[in-house]
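Student: Here's a structure for you.
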Amino acid sequence: MMDTKHLTETDVHDLFIAHYAKLVHYAAKFVSQEQAKDLVQDVFLQLLKKCGTLTIAGKLEHYVYKAIKNKYLDYVKSQNVHGKYVDQILRLNLDELSYYDPSNHQSLLLNEDEAALFQALESLPDKCREILISKFIYGKKTIQISEEFNISPRTVETHVYKGMKQLKLALRNVSMLFNFLL
């Protein structure tokens with residue numbers, strides 16, 4: 001049968017004087033030196049609060065070592081929970097920021113609009129598509145395009161007119177087209 005004893009302030013004081021350095025060294029195996037001091041201090045404060053009500057079976061030293069270990073485990077759990085909450089909050093804040101960021105919506109819409117535009121461009125005849133790409137994507141002048149394709153400037157303008165007309169019909173969103181091209 002083990003010895004049982006009610007904890008007194010004198011027991012806690014004596015244990016603190018005799019074993020504080022060893023207990024901090026033990027706790028420092030798990031956490032930094034400063035955190036180890038805080039951890040040991042917390043354990044002693046809990047012991048002082050329980051004086052008169054706590055009955056310890058066995059040696060008080062063993063109880064304190066176990067209490068330090070348990071306090072460390074509680075600390076790790078709280079850090080994990082805290083870390084998870086911080087990660088979730090950061091993720092939520094980033095999601096919120098990106099949701100309310102007008103440039104993000106604009107870039108998402110622009111990507112969808114670009115895809116629709118390029119799909120409509122693909123439906124054009126080859127020469128017409130190449131002329132429109134040269135004019136609006138590469139910013140070439142009518143005269144440059146006519147020299148490149150060996151056609152008259154008037155033919156380039158005709159291709160541009162017909163291509164724009166077909167794109168307008170294909171996209172059914174003239175404002176998006178002009179916003180993209182201008």
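Student: Once you place label points 7 Å from the Cα toward the Cβ at N70 and I17, how far apart are they in nm?
Tutor: With each label point 7 Å from Cα toward Cβ, the separation is 2.7 nm.
Student: Also, I was wondering about something else. Sort S123, S146 by heavy-atom solvent-accessible area, probe 1.4 angstrom, most to least.
Tutor: Details: S123 85, S146 5 Å².
Descending accessible area places them as S123, S146.
Student: When the Karplus curve 6.51 cos²θ - 1.76 cosθ + 1.60 is applied with θ = phi - 60°, which whole-Hz ³J(HN,Hα) does each residue of the stretch 48-62 get, with x for Gly and Pro?
Tutor: 4, 5, 8, 4, x, 10, 9, 10, 10, 9, x, 7, 5, 4, 4
Student: Here's a follow-up. How do D38, D11 stack up against each other in accessible area, from largest to smallest, with a 1.4 angstrom probe?
Tutor: On the way: D38 85, D11 30 Å².
I get D38, D11, largest accessible area first.
Student: Can you pull the one-decimal nm distance between simple spin-label points at H62 and K29, each 7 Å off the Cα toward Cβ?
Tutor: The two pseudo-label positions are separated by 1.7 nm.
Student: Moving to a separate point now. Each residue of the stretch 66-77 in turn: what ³J(HN,Hα) in whole Hz from Karplus with 6.51, -1.76, 1.60 and θ = phi - 60°, glycine and Pro shown as x?
Tutor: Once θ is set to phi - 60°, the couplings for the stretch 66-77 become 5, 5, 5, 4, 5, 4, 4, 4, 4, 4, 4, 4 Hz.
Student: Next question. What FRET efficiency do you get for Q41 and V81 if R0 is 22 Å and r is their Cβ-Cβ distance, rounded to the nearest 0.05?
Tutor: Approximately 0.50, to the nearest 0.05.
Student: Just read off the accessible area of T8 with the full protein assembly in place, 1.4 Å probe, to the nearest 10 Å².
Tutor: About 60 Å², ignoring ligands and nucleic acids.
Student: Sort E122, E148 by heavy-atom solvent-accessible area, probe 1.4 angstrom, most to least.
Tutor: Details: E122 125, E148 100 Å².
Most to least solvent-accessible, the answer reads E122, E148.
Student: Determine the gain in length on full extension of the stretch E9-Y161; use 0.36 nm per residue of separation and subtract their C-alpha separation, reporting nm with one decimal.
Tutor: Details: separation 152, 0.36 × 152 = 54.72 nm, distance 9.58 nm.
Extra length from E9 to Y161 when fully extended: 45.1 nm.
The values are calculated or read from the model by the stated rules, or taken from the named source; none is laboratory data. All values derive from a computational prediction rather than experimental measurement. Heads up, the Cβs are rebuilt from the backbone with ideal geometry, glycines too, and the neighbour counts pull from every protein chain shown. The area values use the complete protein model at the heavy-atom level, side chains included, leaving out ligands, DNA and RNA. Shrake-Rupley method; radii C 1.70, N 1.55, O 1.52, S 1.80 Å.
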